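The values are calculated or read from the model by the stated rules, or taken from the named source; none is laboratory data. All values derive from a computational prediction rather than experimental measurement. Positions of Cβ are backbone-derived with ideal geometry, glycine not excepted, and every protein chain shown enters the neighbour counts. Heavy atoms of the whole protein, side chains included, go into the accessibility calculation; ligands, DNA and RNA do not. Shrake-Rupley method; radii C 1.70, N 1.55, O 1.52, S 1.80 Å.
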Amino acid sequence: MNIVVLISGSGTNLQAIIDAVESGKIDGKLAAVISNRPEAQGLNRARQHGIETVVLDHTEYGTRDAFDADLLQAIERYQPGLVVLAGFMRILTDHFVDHFSGRMLNIHPSLLPKFKGLNTHQRALDAGEQEHGCSVHFVSSELDSGAVIGQAKVKIDANDTADSLSQKVQQQEHVLYPACVALFCSQAIRLSPEGVRYQGSLLPATGLDLTEDLTEE
Ligand code: GRF
């Protein structure tokens, strides 16, 4: 299965997915990495691993529709079975999202449906949560609201700050995202009208609990 990854920044999740493809954990091919920012660090990660890169600078477009139309074409050139949003910081048009429905995933740094949107770590602290984490979900037209495939949790400690929490969550992201991509590529996971199905059975709204015990590492 061809995979196209969209990024805007450092690309640490992209790196985790590259590593999982190279070690055979994901049965798929990274066909291209596309960034809306020419300076995104993740582009170098892709180049170092011989993956094609494409830059579509959104600041050169007059409208969101025009950008999304070109982006859609750039992605479809690789005939992907899966499109992975890995820190891609753009709101996508409904037409774009519908086009890739059931084959586009995103990772969000909270235990959805809690804390959609930005500043999730600080908001989890402010709300006095005991636990926090990340979610991988199918992308739907409503922001951070698509059906959840899996989540990974971290405990919030009394001395946690937004920064320390972000680091703990990112460690889990780097395990969760490759795991969900692997499940999708092996066809264990699919989007149905009722929600996410795992080997045919409907998952709960929070998806699979794929929390990894990282304390030993
Ligand atoms: C991650 O924290 C992810 O949850 C959010 O954007 C960040 C991307 O980081 N959607 P990176 O570019 O993968 O390092």
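Every residue in the range 169-211 that is in a loop (DSSP other than H, G, I, E, B) and open to solvent by 40 Å² or more (accessible area, probe 1.4 Å), please. The answer is Ser186, Gln187, Pro193, Glu194, Gln199, Gly200, Pro204, Ala205, Thr206, Leu210, Thr211. Note on the range 110-168: among residues that are without any contact (Cβ under 8 Å) to a residue 60 or more places away in the chain and in contact with a Ser or Thr (Cβ under 6 Å, 6 or more places away or on another chain), the one that is most open to solvent (accessible area, probe 1.4 Å) is Lys153.
Filtering the range 57-69 to residues that are over 19 Å from the mean Cα position of the chain (by Cα), of a type in the set (Asp, Glu) and closer than 16 Å to Val97 by Cβ leaves only Asp65.
With respect to (1) of a type in the set (D, E, K, R); (2) away from the ligand (no atom under 16 Å from the Cβ); (3) in contact with a strand residue (DSSP E or B) (Cβ under 7 Å, 6 or more places away or on another chain), the lone exception for Arg47 is condition (2). Among the residues in the range 60-82, are any free of Cβ contacts under 8 Å to residues at least 12 places away in the same chain and within 16 Å of the ligand (Cβ to nearest atom)? There is no residue in the range 60-82 that is free of Cβ contacts under 8 Å to residues at least 12 places away in the same chain and within 16 Å of the ligand (Cβ to nearest atom).
Being in contact with a strand residue (DSSP E or B) (Cβ under 9 Å, 6 or more places away or on another chain), in the same structural domain as Gln79 (by TED's automatic domain parsing) and over 16 Å from Val181 (Cβ atoms): is that true of Val21 here? Here the answer is no, as Val21 does not meet what is asked.
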